[in-house]
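See below for the structure under consideration.
Read-outs throughout are calculated quantities, based only on the coordinates presented, and are distinct from any laboratory measurement. In this text the structure is predicted, and so the values were computed from the model without any measurement. Glycine gets a Cβ as well: all are built from the backbone with ideal geometry, and neighbour counts include every protein chain shown.
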Amino acid sequence: MTNPLQVLVTGATGRTGALVVQKLQQRPAQFTVRGFVRSGQKASDRFGTTVPLYIGDIAQPDTLSPALAGCDALVILTSAIPQMKAPPKPGQRPEFIYPEGGTPEQVDYHGQLNQIAAAKAAGVKHIVLVGSMGGTNEQHPLNRMANGNILIWKRKAEAYLISSGLDYTIIRAGGLQDQPGGQRELIVGKDDTLLAHPPDGIPTSIPRADVADVVVQALLEPAARNKAFDVISKPEGNPGAVVTTDFGALFEQTTPGL
Ligand code: NAP
């Protein structure tokens, strides 16, 4: 029997990050999990004392090194979080800002680079990075949000990860939903072709719980190594859909490179 993989999840108090932590905890024979968080209070509200927690900030590399010491794999689930400026007036669109120190350039680019560099220095073998579909389109509305260019910065960080020499799995999710996982057929693609041509016109979305399952399986399945892909799900109960259970076969459909 092999030792469990030691995995650090950053953004562990985030909506997908917390699901990944919980799913890894449910497989103690395969994984030992740690969380990297910036709020100890938020983390203990979520996990109690069940998860070893490292408190820090991805902008501060010296807080990452202790969390990564002895880890086999890193799951990056940190992301810039836009905030609404004020409730919109009737008929107007809401306006967003990023908090000071929390722009996409600072979090989704420099913050991810800090994590990749710290992981490499710590001898981590594999990084799973969750990103977003839409990054091939500079005009994507998410890039205009608070002029943050979030998808552009995410994609630059993905390119850096690929060039790092570490094993990588880059999972670019469609629109995230807070719905149960394990009940849908997952579909993988590349270069936003699923956005341009969604099969049968289905919504280009996926439950966070399914993304978390893809992360867990990517840590286990060799076919996920050195791959980058988009992923969405068919709606639950979609006629002809076959619930995805064979993740190795799913990853076989994905390809290396950005
Ligand atoms: P989320 O809930 O917004 O979580 C983001 C996490 O990043 C939070 O835990 C946050 O910490 C952490 N974080 C931000 N700045 C940090 C810093 N400087 N140091 C340490 N931690 C920091 O994430 P999500 O909605 O589950 O999304 C997961 C990923 O999927 C993101 O990359 C997102 O862009 C991407 N995605 C989202 C959508 C969508 O529809 N929303 C679609 C496709 C892809 P706190 O908990 O302390 O705030």
May I ask you to list the lysines whose Cα is less than 27 Å away from that of residue 125, ignoring any residue fewer than eight positions away on the same chain? 23, 154, 156, 190, 227
What is the packing order of peptides 90-97, 248-255, 29-36, taking the mean over residues of other C-beta atoms within 10 Å and listing the highest first? 29-36, 248-255, 90-97
Under the classification rounded if a/c is under 1.5, otherwise prolate if a/b is larger than b/c and oblate if not, where does the range 94-148 fall, given a ≥ b ≥ c as square roots of the Cα gyration tensor eigenvalues? oblate
Tell me the mean residue ellipticity at 222 nm calculated for the chain from its helices only (DSSP H runs of n ≥ 4, each -39500 (n - 2.57), averaged over every residue, nearest 500). -8500 deg cm²/dmol
Could you tell me how far the Cα centroid of the range 238-253 sits from the Cα centroid of the range 184-225, in Å? 10 Å
3J(HN,Hα) from dihedral phi, the range 243-258, Karplus parametrisation 6.51/-1.76/1.60, rounded to Hz, x for glycine, proline: 4, 6, 10, 9, 6, x, 5, 4, 5, 4, 7, 9, 10, x, x, 3
In 5 Å bins starting at zero, report the fraction of Cα pairs in the range 174-220 per bin as a rounded %. 5, 20, 29, 23, 18, 4, 1
If you average the C-alpha positions of the range 27-48 and of the range 150-171 separately, how far apart do those two centres end up, in angstrom? 24 Å
Which whole-number percentage describes the relative contact order of the range 5-252, with Cα contacts under 8 Å and a sequence gap of 6 or more? 18 percent
With all pairs of different alpha carbon atoms counted, what Kirkwood hydrodynamic radius in Å does the chain show? 18.6 Å
Descending principal axes extents, the range 119-258, alpha-carbon based, whole Å: 47, 37, 24
